[in-house]
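Inspection log for the structure reproduced underneath, given as structure tokens.
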Amino acid sequence: MKRVYLHPLPLRVWHWTNAHMVVLLLITGIQIRIPGIASLRPQDPAILIHRYVGWAMAVSWLFWLVYSLASGSLRRHYLFRKGDFGGIFRQAKFYMVSIFKGEENPFRATPEEKFNPLQKLAYGTVM
């Protein structure tokens with residue numbers, strides 16, 4: 001069976017890079033903000049790493065925005081359509097009830113339609 005990738009390589013690399021940056025930001029943020037874990041001075045590694053990873057994440061977001069606009073994927077995959085509004089409730093019911101009953105997901109990802117309505121809402125909000 002041939003493997004079908006829903007997302008092109010640049011977006012998959014971007015995704016995993018972001019995931020690692022989020023973990024680094026969480027770890028260094030905890031080190032900076034929770035008293036007693038470490039006594040940090042402005043030149044301490046946690047502060048520097050946190051600052052540089054934060055800037056790298058901002059640059060990463062710009063890459064995503066430019067790539068998504070240039071490829072047309074922002075309009076194709078992230079914007080709501082009329083049919084998405086009704087799908088919100090079906091998808092929410094699936095995540096809250098149907099998934100625990102072993103019922104089938106009402107949404108099937110394809111290369112043309114990658115995200116269900118709740119994913120579009122979440123990604124649009126976060127991005």
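What follows draws every value from the coordinates through simple rules; no lab data is involved. The structure displayed is predicted, hence computed values, not measured ones. Heads up, the Cβs are rebuilt from the backbone with ideal geometry, glycines too, and the neighbour counts pull from every protein chain shown.
Amide H to amide H distances under 5 Å link Phe115 with no residue, where only residues 5 or more positions off or on other chains count and H is placed in the peptide plane. Straight-line cross-link reach from Lys120 at under 17 Å between alpha-carbon atoms covers these aspartates and glutamates, not counting any fewer than eight positions away in the same chain: Asp84, Glu112. Over the chain, what is the mean sequence separation of C-alpha contacts under 8 Å (at least six apart), divided by residue count, expressed as relative contact order in percent? Computed value for the chain: 25 percent relative contact order. Note on Lys2: lysines with a C-alpha under 25 Å away, same-chain residues under 8 apart excluded, are Lys114.
Only lysines eight or more places from Lys101 in sequence, or on another chain, were considered; those with a Cα closer than 16 Å are Lys93.
Summing charges over neighbours of Gly87, with a neighbour being any other residue whose Cβ is under 11 Å away from its Cβ, gives +3 when K and R count +1 and D and E count -1. Using the average count of surrounding beta-carbon atoms within 10 Å as a protection proxy, the listed peptides 117-124, 18-25 rank, highest first, as 117-124, 18-25. In loop segments of region 48-127 as defined by DSSP, the GluC sites (Glu not before Pro) with at most 10 further C-beta atoms inside 10 Å of their C-beta are Glu104, Glu112. Neighbours of Ser71 by Cβ distance under 15 Å: Lys/Arg scored +1, Asp/Glu scored -1, total +3. Among the helices of the chain, those built from whole DSSP H runs whose Cα atoms reach 27 Å or more along their own axis and whose mean Kyte-Doolittle hydropathy is at least 1.0 are 45-71.
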